Structures are given as C-alpha cells and as structure tokens.
Amino acid sequence: MLAIKIGNTNIGFGLFEGDSLLHSWRAETRLEKTADEYLTLLDDFFAESDFARASVARVALVSVVPVLTGTFREMCRRYFGREPFIVSAGITSGINLHYQDPRALGADRLVALVAAKARYGAPALVVDFGTATTFNALDAQGNFVGGAIAPGLSIQADALHQFTAKLPRVEISAPVRALATNTRDALRAGIFYGYVGSIDYLVARLRAEMNAPTARVIATGGLAALVAPACPCIEIVDAELALVGLRLLYEMNTPLHLQ
C-alpha cells in the first residue's frame, strides 16, 4: 500500500507491506506540480528502493491542500489504475469525536490520533509540528476531547522578518544559549525558546483540563525532531504517525476482500 500525506509544507510518502512500513520519503509541497511531475518524483523514490511501481495495489491519501488532492487523485487513476482511498469527514475511525462540528476536524489531525491510539494507548496528547502546530487530546477512553492550534515555528520566524523593517530572516535552529549578543542569535533564541516554552505551557494546561496529568505526549511532523529535545514534556517522537494512521483508516473503511 502506498500512503500519501499532503501537508502545506511537505508531502510524506510511505510504502507498506501488511503492517510493516518498508520505505518512507518526504518532498516539498509544490502547488504548481502536475500529476506527471509527482509521478516522476515517486518513480525516483521507487528506483532508489528497488521497488516496482506495478507492485502498488492500494493507495491511501490524506490532504490539507485541496488543489493537490485533485492532482494526486489524477495521478492514482492514470498511473496506478485505481481510485485512492481519501480520508474525509464521517469515515470510521474508532474514535468518538467530541467536537462541536466533527466534520470540521482536520483529516490530518484524525490520522495522527488513530495511529497514536493504536500504538501508544490513551490518554495521550499528539503534538504535530508542521506549518501549524496542532495539539490533539485523547482522554482515558480514547475519545478525542479537543485541542489547540498555534502558529508553527517557521511561520513565527517568517512573520518577524516580514512585519519588521530591519530584522533579517534567520535559519531555524536550537541555539546553545538564550542570552544572545548579536541580532541574529537573539532572533534565533527568541523564536526557538519562546516557541518551546509555549509548547510546555500548553501541554501542562491541556493535561490539567483533561484531568490527565500523566497523558503521554507524542510529537510528530517535520519539525518534531528539532523541537522535542528541548521540550521536557515530550516523551515520544514518531515521524511516521500519519502514514501509519492512513494504513489503519484504510483497513477500517475497506471491505476485507478489497484489502
């Protein structure tokens, strides 16, 4: 099975055989790319892994970029000869959604929750470090009980440069010191450690409101590996959470004879 997660910044690809994730890749999200161009990219990944495109029997897809949902649907139809399974509102997930409008919950948040529940149990908090930072809470019964959405680390860095006259754009990194003696290091320190502090605070606040002080905190998303070492509250980093959730949702929503 080929699993595809389309985010605003990156696209993740994963190849599964049964329950096992054999290969995974990441590419930059480019709205202007065509189905043909994304197929070429995938073929390059397949070639590096000595994998034949014809071996793909199923495709599962989750997307937060509507224009690319259509692009990848076209790619799957034309070059894999099948309709992709696309995560959407109302599908079976095994999670009760305690949300004012369950259909408004982002599909990317749902796939991560499904995988976190299956892999790590509940209660849990899934923090997804992408273009936005999302906090998603499972109570002790494995119900989704809410969460929070904050600007991502890259957005914060870009905003400081965009909305000030003199502050430069800086590369995001984890500085050794917060006490900086030049403007660039001061920006790096303020952006990174201010962001890290907000993560720890929000996790503590959410645990208290969930009445689950020991809820496990699972980090995922493109920036998880950078941020997690500086956040004492994060217990697990799982970069493949969304891909695993896609596989699980496909199995939950597809008749056995089609799997």
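The values are calculated or read from the model by the stated rules, or taken from the named source; none is laboratory data. This is a predicted model, so every value here is computed, not measured. No Cβ is skipped: glycine too gets one built from the backbone with ideal geometry, and neighbour counts run over all protein chains shown. Heavy atoms of the whole protein, side chains included, go into the accessibility calculation; ligands, DNA and RNA do not. Shrake-Rupley method; radii C 1.70, N 1.55, O 1.52, S 1.80 Å.
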Report summary line: Answer in debye to the nearest 20: the dipole magnitude of the stretch 1-128 about its Cα centre, from +1 Lys/Arg and -1 Asp/Glu charges placed on Cβ, is 420
Query - Label-point gap, in nm, between T92 and F45 - each point 7 angstrom along Cα→Cβ - result: 2.8
Report summary line: About its Cα centre, the stretch 61-197 carries a charge dipole, from +1 on Lys and Arg Cβ atoms and -1 on Asp and Glu Cβ atoms, whose size in debye to the nearest 20 is 260
Report summary line: In the chain, taking the dipole from +1 charges on Lys and Arg beta carbons and -1 charges on Asp and Glu beta carbons about the Cα centre, the listed residue (L153, A228, I6) farthest towards the positive end is L153
Query raised in the report: If you look at just the Cα atoms of the stretch 1-110, how large are its Rg and its Dmax in Å?
Result: 14.4, 47
Query - Acute angle (nearest 10 degrees) that the helix 35-48 long axis makes with the longest principal axis of the chain, alpha-carbon atoms - result: 90
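Any idea of the accessible area per residue across the stretch 173-259, 1.4 Å probe, to the nearest Å²?
I get 51 Å² per residue for the stretch 173-259.
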Query raised in the report: Given labels modelled 7 Å from the Cα in the Cβ direction, how far is it in nm from D158 to E37?
Result: 1.8
Report summary line: extent check for the stretch 156-196: Cα max minus min per principal axis, descending, whole Å, gives 26, 20, 14
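Please sort 44-50, 200-206, 121-127 by packing, taking for each peptide the average over its residues of neighbouring beta carbons within 10 angstrom, highest first.
Details: 44-50: 12.6, 200-206: 15.7, 121-127: 22.6.
Per-residue mean Cβ counts within 10 Å order the peptides as 121-127, 200-206, 44-50.
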Query raised in the report: Which of the listed residues, A54, V65, Q100, is farthest toward the dipole's positive end in the chain, when Lys, Arg count +1 and Asp, Glu count -1 at the beta-carbon?
Result: Q100
Query raised in the report: For the chain, what is the Kirkwood hydrodynamic radius in Å, using each pair of distinct C-alpha atoms?
Result: 19.5
Report task. Would you work out what percent of the accessible area of the chain, with all protein chains in place, is carbon or sulfur (probe 1.4 Å)? Result -> 52
Query raised in the report: When the chain is treated as a GNM, springs tying every alpha-carbon pair under 10 Å, which of L41, L21, L241 comes out with the largest mean-square fluctuation?
Result: L41
**Report entry** Label point distance in nm, E209-A54, each placed 7 Å from Cα along Cα→Cβ
**Finding:** 5.4
Requested in this report: May I ask you to give the solvent-accessible area per residue for the stretch 106-151, in square angstrom, as obtained with a 1.4 angstrom probe?
Outcome: 28
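Can you give the Kirkwood hydrodynamic radius of the stretch 127-259 from its Cα pairs, in Å with one decimal? Spell out each step's value before the answer.
Numbers: mean 1/r = 0.0601 Å⁻¹.
Every distinct Cα pair counted, the radius reaches 16.6 Å.
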Requested in this report: Under 23 Å Cα to Cα from K117, which lysines show up? Leave out anything in the same chain fewer than 8 places away.
Outcome: K5
Query raised in the report: Quick one: how many Å² of E37 are accessible to a 1.4 Å probe, rounded to 10?
Result: 80
Requested in this report: Work out the length of the dipole vector of the chain about its Cα centre, built from +1 on the beta-carbon of each Lys and Arg and -1 on the beta-carbon of each Asp and Glu, and round it to the nearest 20 debye.
Outcome: 420
